1. Rank 186, 248, 233 by how far each Cα sits towards the positive end of the charge dipole of segment 181-285 (+1 on Lys, Arg Cβ; -1 on Asp, Glu Cβ) and give me just the farthest.
2. Which lysines have a Cα less than 20 Å from the Cα of residue 33, not counting those fewer than 8 places away in the same chain?
3. Got a sec? How would 127, 194, 204 order by Cβ neighbour count within 10 Å, fewest to most?
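What follows draws every value from the coordinates through simple rules; no lab data is involved. From a predicted model like this one, the values you see are computed outputs, not experimental measurements. Here the Cβ is made from the backbone with ideal geometry for all residues, glycine too, and neighbour counts use every protein chain on show.
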Amino acid sequence: MPGPSVDTMTTTASPTARPLRAALSPSRAADFKQCPLLYRFRVIDRIEGPPSPAAARGTLVHAALERLFDLPAAERSPEAAVGLLRPEWERLVREEPELATLIAGDAVPTDGSEIADGAGVDEATWFGDAEALVRRWFTLEDPTCLEPAERELYVEADVDGLTLRGYVDRLDVAPDGRVRVVDYKTGRAPSELFEGKALFQMKFYALVLWRSRGVMPTLLQLVYLGDGQIVRYAPDEADLRALERNVAAVWQAIRRAAETGDWRPRTSRLCDWCDFRDLCPEWGGTPPPLPDNARALAVDPSAAGEPEVAQD
């Protein structure tokens with residue numbers, strides 16, 4: 001006899017069990033599309049990859065660009081943005097003290113644009129690279145002419161019982177009502193082979209905004225600070241309906257994996273950058289045993305007792 005739908009399953013770990021809230025973010029959907037075992041490691045096993053100075057630098061640059069718009073338009077200069085880096089880093093370290101260990105050691109050689117992953121990178125080099133990314137943004141956009149409607153906006157929409165959710169870096173709304181979704185990337189623009197993954201994320205946000213607000217974004221804009229490129233895409237209704245069908249298919253596949261416990265790996269060129277290769281059977285590793293509530297966690301990460309951070 002088949003099990004209950006994941007949309008109506010309840011946890012049984014305690015007498016205060018609650019109905020599961022089926023939910024999906026663009027990052028987790030992309031994880032499953034790339035490799036079901038990757039989705040399992042991140043969502044069910046809750047294994048975190050090693051801390052990365054490059055990822056921390058990206059978080060810092062995002063924070064500085066967000067805070068810059070707190071200033072009056074005339075004061076939004078490159079120097080003002082660079083001046084936000086140290087205070088924002090201090091704030092981030094207060095919230096997550098382990099971040100401080102990432103830039104606490106001796107110098108690590110870099111090529112001037114990418115910080116080598118590994119603990120203890122040189123502090124001056126690390127902040128210098130963050131400053132370069134912030135300054136490059138000013139060659140791509142003029143913040144004195146921008147007044148974002150939203151920054152770091154949490155968005156969600158219910159689509160046939162599935163909650164789609166995520167965070168949008170910036171939402172611009174023109175006087176005539178046109179909406180632009182902007183996402184900052186601190187790396188380089190991907191090749192055509194990998195560009196689809198980034199556009200999937202942006203179309204996902206567009207779908208959520210369309211379904212939650214009834215307004216279709218006019219433009220999706222990816223700003224790559226690593227090499228100073230901007231990728232723009234104008235979605236239409238056919239695009240978003242196709243994406244909606246794609247997300248529904250991904251969700252059905254996640255449900256099947258949750259029911260069967262079959263989270264088999266899918267190898268690709270992206271395996272070269274995977275943090276979990278030592279646990280993957282395709283590379284000689286052994287995954288940890290599935291937790292007792294694996295089925296619940298697969299469809300509702302907050303079943304672990306704490307909400308999923310849907311940052312993308």
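1. 248
2. Once the sequence-local lysines are set aside, what remains near residue 33 is 197, 203.
3. Numbers: 127 17, 194 11, 204 26.
In increasing order of surrounding Cβ atoms, one gets 194, 127, 204.
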